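Notes for the one structure printed next.
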Amino acid sequence: MSKLIVFLIAMLTSIVHAQVSFSQRSLQLAAHHYTLNYDINIEKRSLVASGVITVINTSKKNADHIPLRLYRLLSVSSLLDSKGNDLEFTQRVLSNEDWPVLQTNYIEIKLDTPLKPNQLFQFQINFDGLLRGYSETGMNYVKDNISREFSIIRMDALAYPLVTYPNDRVNKKAKFWLNTYEYDVTINVPEGLVVANGGELLSHSTRNGVSTYRYVNKLPAWRMDFAVANYQRYSKGNYSVFSWESQQASFQLLEKIAATFDLYTKWFGPLQKDLGYTFIEVPEDYGAQADVTAVIQDAKGFKELDRVYHEISHQWNVKTLDTYSPRWNEGLATFLEELTLDKFGKSGHLRTQTEKNLLHLKKVIKENPLYTKTAFIDYGKHGLNSYITGMVFFHLLYDLVGAKKFNEVMGGFYRTYYSTGATTEQFVQYIKKFANVSLEHFFEEWAYSSKYSKRLVYFKSYTQLYEFYKSKNQIKPTAHTD
Ligand SMILES: [Zn+2]
């Protein structure tokens with residue numbers, strides 16, 4: 001009996017300790033620079049990595065430790081300061097406090113001298129182990145593994161150390177995605193395999209059966225993706241495709257990528273920094289990801305070009321300053337992919353797709369009453385899906401203000417907030433200010449209340465829905481025409 005009590009007390013203390021240790025904390029540090037070297041061992045399906053990481057204290061208080069997370073099967077073998085002295089650290093595989101099914105190796109480095117606000121700290125790290133994906137978490141696309149066919153080093157599987165706690169609420173509160181970093185990463189693979197990355201290839205050499213690829217970022221990065229396969233690389237100007245599809249299919253995709261960039265540049269104006277674009281093929285169901293200068297997509301991306309349009313349109317997005325973003329940019333990208341298909345020859349496609357989406361939304365709203373209670377602007381707080389609702393929202397906006405004004409406003413918003421980022425509220429205010437019609441009623445229903453959901457259910461077609469909002473939004477007497 002007493003043993004049981006001791007055990008229970010020990011259990012409780014550990015639970016209490018875990019909760020106090022992370023949910024009460026705030027993330028003070030961010031990655032500033034990564035120099036990493038990876039040796040990929042295909043036979044053992046393992047990796048060995050070493051390097052130097054610089055972190056910065058982004059908070060207003062002194063920091064006394066560095067939190068790091070790695071994939072659950074990767075472990076740190078040594079941590080040294082910049083002078084080569086051992087750093088005191090602990091590591092253990094922990095469940096995320098707010099998502100227990102996700103297990104990561106949590107490493108905490110103790111700092112003898114606290115790190116002051118804005119101060120940098122550099123350390124050397126060695127880690128090694130295996131990658132076997134995260135499908136047990138429900139993230140089915142994180143099949144990350146090391147094999148001759150395909151290997152990938154990316155953020156989704158924490159294949160490099162992330163400066164975060166095993167508590168997503170705490171990480172989100174710090175808006176960690178706003179802190180970008182530089183990287184310089186070398187990857188050694190067996191000869192014959194190619195390492196693909198969206199950054200700049202600094203060097204490539206092969207010696208004794210080992211090929212070495214060294215990449216640095218082109219723009220400040222918030223994620224790193226390195227894919228390893230038997231790739232062919234195709235280039236046209238600033239654009240590249242890494243693929244194992246036919247030469248013909250790869251060149252066709254390159255042409256489409258170039259044409260899409262031209263089209264969006266015509267619509268929204270030039271990108272603030274045009275550093276080219278890299279498309280990296282990954283096996284089916286590995287997920288699509290857009291980075292600042294690259295996209296990873298499976299073979300479907302060669303045929304279903306709407307996905308390519310979607311990802312390229314994200315290049316004209318600005319960073320969100322919302323803690324819980326409704327991710328309206330996903331709605332915009334979903335709208336733009338259908339619009340682009342329409343403009344590239346599938347005339348009438350946009351209207352058909354919106355009608356389909358409306359039918360789908362009627363069902364979704366019926367099945368999940370949360371949609372009838374949540375304003376679109378609050379979708380992020382409740383984890384609701386903004387892709388389809390957002391697509392209908394942007395189609396309405398597009399029709400209400402007209403194509404020319406729509407493009408002007410989206411391009412203007414991008415140029416205004418490119419360097420600072422913006423909140424959804426700033427986005428709404430920006431559109432209201434520069435639109436040629438009064439959008440008070442439209443935003444009242446879509447951004448500040450859940451009334452839009454009743455309209456989605458009530459109106460039988462997109463035309464009816466559009467006519468309703470058009471009649472409610474009067475043309476301003478002093479409309480902006482510039
Ligand atoms: Zn997207």
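The values are calculated or read from the model by the stated rules, or taken from the named source; none is laboratory data. This one's a predicted model, so the numbers in the text were calculated from it and none came from an experiment. Don't worry about glycine lacking a Cβ; one is built from the backbone with ideal geometry, like all the others, and counts go over all protein chains shown. The protein model used for the area step is the full one, side chains on, heavy atoms only, and it has no ligands, DNA or RNA in it. Shrake-Rupley method; radii C 1.70, N 1.55, O 1.52, S 1.80 Å.
Spot the failing condition for H395; the list is (1) in the same structural domain as T334 (by TED's automatic domain parsing); (2) modelled with pLDDT under 95, and only one is missed.
Going through the list (1) in the same structural domain as T334 (by TED's automatic domain parsing); (2) modelled with pLDDT under 95, H395 breaks only (2).
Exactly one of these conditions fails for K319: (1) closer than 22 Å to D156 by Cα; (2) open to solvent by 30 Å² or more (accessible area, probe 1.4 Å); (3) within 13 Å of the ligand (Cβ to nearest atom). Give me its number.
It is condition (3) that K319 fails.
Residues of the range 268-293 being more than 16 Å from the ligand (Cβ to nearest atom), open to solvent by 10 Å² or more (accessible area, probe 1.4 Å) and of a type in the set (D, E, K, R), which ones?
Hits for the range 268-293 are K273, D274, E284, D285.
With respect to H314, determine if the residue is touching a Ser or Thr at 6+ places or on another chain (Cβ under 7 Å), within 16 Å of the ligand (Cβ to nearest atom) and touching a residue at least 24 places away in the same chain (Cβ under 8 Å).
No.
For the range 245-266, does any single residue satisfy the condition of being crowded, with 19+ Cβ neighbours inside 10 Å, within 16 Å of the ligand (Cβ to nearest atom) and of a type in the set (G, A, S)?
no
Given the criterion of a type in the set (D, E, K, R) and either at pLDDT below 95 or in contact with a His (Cβ under 9 Å, 6 or more places away or on another chain) (or both), identify the matching residue among K356, K404, K373. Lay out the reasoning, then the answer.
Details: K356 fails: either at pLDDT below 95 or in contact with a His (Cβ under 9 Å, 6 or more places away or on another chain) (or both); K404 fails: either at pLDDT below 95 or in contact with a His (Cβ under 9 Å, 6 or more places away or on another chain) (or both).
Going through K356, K404, K373 in turn, just one is of a type in the set (D, E, K, R) and either at pLDDT below 95 or in contact with a His (Cβ under 9 Å, 6 or more places away or on another chain) (or both): K373.
Inside the range 147-233, counting only strands (runs of 3 or more DSSP E) that do not spill past its ends, which hold 1 or more residues that are in contact (Cβ under 8 Å) with a residue 60 or more places away in the chain and open to solvent by 40 Å² or more (accessible area, probe 1.4 Å)?
182-190
So for the range 294-309 (the condition being away from the ligand (no atom under 16 Å from the Cβ), in a loop (DSSP other than H, G, I, E, B) and under 18 Å from the mean Cα position of the chain (by Cα)), does at least one residue qualify?
no
Mind listing whichever residues of the range 76-104 are under 24 Å from S59 (Cβ atoms) and either outside the structural domain of D156 (by TED's automatic domain parsing) or polar (S, T, N, Q) (or both)?
Those that are under 24 Å from S59 (Cβ atoms) and either outside the structural domain of D156 (by TED's automatic domain parsing) or polar (S, T, N, Q) (or both): S82, T90, Q91, N96, T104.
Of the residues that make up the range 81-88, is at least one more than 26 Å from the chain's Cα centre (by Cα) and among the small types (G, A, S)?
Yes, because at least one residue in the range 81-88 is more than 26 Å from the chain's Cα centre (by Cα) and among the small types (G, A, S).
Give me the pairs, please: first residue somewhere in the range 115-127 and more than 14 Å from A49 (Cα to Cα) and in the same structural domain as A31 (by TED's automatic domain parsing), second residue anywhere and surrounded by fewer than 19 Cβ atoms within 10 Å (Cβ to Cβ) and polar (S, T, N, Q), beta-carbon distance under 6 Å, and either six or more positions apart or on two chains.
K116/N62; L120/T54; Q122/T54; Q122/S82
Is at least one residue of the range 77-85 out of contact with any Phe, Trp or Tyr (no Cβ under 8 Å at 6 or more places or on another chain) and within 15 Å of V163 (Cα to Cα)?
no
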